[in-house]
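Enquirer: A single structure is presented below for examination.
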Amino acid sequence: MNNTLSHPTINPILAFTVVLALAGSTASAMDNDLRIVPQILAGTAGVEPGVALEWRGLDKAVLILRPEIFLSEDGDLGAGAAVLYDVSNNLDLPERQAMAIGPRVVYHNSDQYSWEADVMATWSFDLKGDSRAWTHAVGLIGAVGVVHDKDDDDNEPGASVGLFYSFGF
C-alpha cells in the first residue's frame, strides 16, 4: 500500500480560461478597461512568450488585475497573476506614459523551476494619444523575487525582463 500523499496540480490552461471568462463577463457587465497583452520575458527561468489580460475598473483605475499564461522554456504551459497599482500620477509621468508596480506569483511548470513570487513593474507608452487613448500601447516589464529550483529543492533569487504590446477593447 502506497502511503505517499499526492499533490493535485493546477492545469494552467483551465485556470486562465476560468479567469478570462470571469474577467470578460464582468467587464461586459460593468464599465471596465480590459486589455489583452502579448508579451515575452527572459530571465532566471528562461525565455517565456505568453499573453496576459489587464483588467482595470474605471472607477478604481489605479488597480490592475493581471492574469497571465505563458510557454515555459521546456514547452509546458505556465500561469500566474499579478495585482498592480498604477503609480503614474505619483511619478508625474508624461500623459502618454504609465507605470504600475505590485506583487506577482507564477508557476513556471518547467523541468527546473516551479513557483515564483516577485515584485513586478510595468512601464507603458500609449501609441495613439487621441480620444481612444490606450487602445494600443507598448512597454517594458521587470520582475524581481524568489523562484523555487526543483533540481536543488531550494529557493533562489529570480529576475525577468521583457517587452509587451497591449490592445484595449
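Enquirer: 5 Å is the cut-off here: which amide hydrogens, built 1.01 Å from N in the peptide plane, fall below it relative to Gln112, excluding neighbours closer than 5 in sequence?
Expert: Counting only residues 5 or more places away or on other chains, the set is empty.
Enquirer: What percentages, rounded to whole numbers, describe P(r) for segment 45-169 computed over all alpha carbon pairs with 10 Å bin width beginning at zero?
Expert: P(r) for segment 45-169, in whole percents per bin: 13, 43, 29, 13, 2, 0.
Enquirer: Taking θ = phi - 60°, what integer Hz values does the Karplus form 6.51 cos²θ - 1.76 cosθ + 1.60 yield along segment 157-169, in sequence order, with x for Gly and Pro?
Expert: Working through the residues one at a time gives x, x, 8, 9, 9, x, 10, 8, 10, 10, 10, x, 7 Hz.
Enquirer: With +1 on each Lys and Arg Cβ and -1 on each Asp and Glu Cβ, and nothing else charged, work out how big the dipole of segment 52-169 is about its Cα centre, in Debye to the nearest 20.
Expert: Using only the charged Cβ atoms, the result is roughly 900 debye.
Enquirer: Here is a follow-up. Of the peptides 145-155, 34-44, how do they stack up when ordered by the mean number of other Cβ atoms within 10 Å, highest first? Can you show the working numbers first?
Expert: Values: 145-155: 13.4, 34-44: 18.2.
The densest-packed peptide leads the list: 34-44, 145-155.
Every read-out reported here was derived from the displayed coordinates using simple, explicitly stated rules and does not represent laboratory data. Values in this document were obtained by computation on a predicted structure and should not be read as measured data. FYI the Cβ positions are ideal-geometry reconstructions off the backbone, even for glycines, and counts take in every protein chain you see.
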